[in-house]
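The values are calculated or read from the model by the stated rules, or taken from the named source; none is laboratory data. It should be emphasised that the depicted structure is a prediction, and the values quoted were computed from it without experimental measurement. Here the Cβ positions follow ideal geometry from the backbone for every residue, glycine too, while neighbour counts run over all protein chains shown.
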Amino acid sequence: MKQNKIKKQSSNSTSASVRKEMAKPRMSLSARTAERKMDSARNHERPGITVPGTVGKIVPRASPSQPEEAQIVVDGADTRHHDLRIENALIDEYGKSVKLKKGVKDEVTVSGAPNNVKPGN
């Protein structure tokens, strides 16, 4: 009976992608990070989404030291998750205190820190 011998590859062979990566000059982690930050093609904003919403009601607080809350109904969200409550103590572009009014249509932006999100499909 004839035995088939398995041909072994030499351990010195490396794939083309590894050879290509090894041909590049070595960089420290800080240099790679600085290079990524200077890249104009990258998106430097925090990951997030902006959706339309309407202020449904203003919820007063029992204690005068706590600010009232604005309940915002997010359009197009699940019925279980379409109500958001935020403190109704906002600051405009001039640094003045402002409050939301009931029935006002506005946009709600939800964003996350880059290290708290995972890549999608």
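Table for the structure above
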| item | result |
| --- | --- |
| Residue count for the range 81-118, restricted to those that are in a strand (DSSP E or B), under 24 Å from the mean Cα position of the chain (by Cα) and of a type in the set (A, V, I, L, M) | 6 |
| Members of the range 5-38 found to be assigned to a loop (DSSP other than H, G, I, E, B), surrounded by fewer than 10 Cβ atoms within 10 Å (Cβ to Cβ) and either charged (D, E, K, R) or modelled with pLDDT under 70 (or both), listed by number | K5, I6, K7, K8, Q9, S10, S11, N12, S13, K24, R26 |
| Number of the exception - G95 against (1) at pLDDT 80 or above; (2) surrounded by 12 or more Cβ atoms within 10 Å (Cβ to Cβ) | (2) |
| Qualifying residue in the range 72-82 (condition: over 29 Å from K118 (Cβ atoms) and in contact (Cβ under 8 Å) with a residue 24 or more places away in the chain) | no |
| Residue match in the range 44-59 (condition: surrounded by 10 or more Cβ atoms within 10 Å (Cβ to Cβ), over 20 Å from the mean Cα position of the chain (by Cα) and outside any strand (DSSP E or B)) | no |
| Flag if T54 is over 16 Å from K101 (Cα atoms) and at pLDDT 80 or above | no |
| Qualifying position, being touching a residue at least 60 places away in the same chain (Cβ under 8 Å) and not hydroxyl-bearing (S, T, Y), among P64, P47 | P47 |
| Flag for D39 being acidic (D, E) and either over 29 Å from the mean Cα position of the chain (by Cα) or within 30 Å of D106 (Cβ to Cβ) (or both) | no |
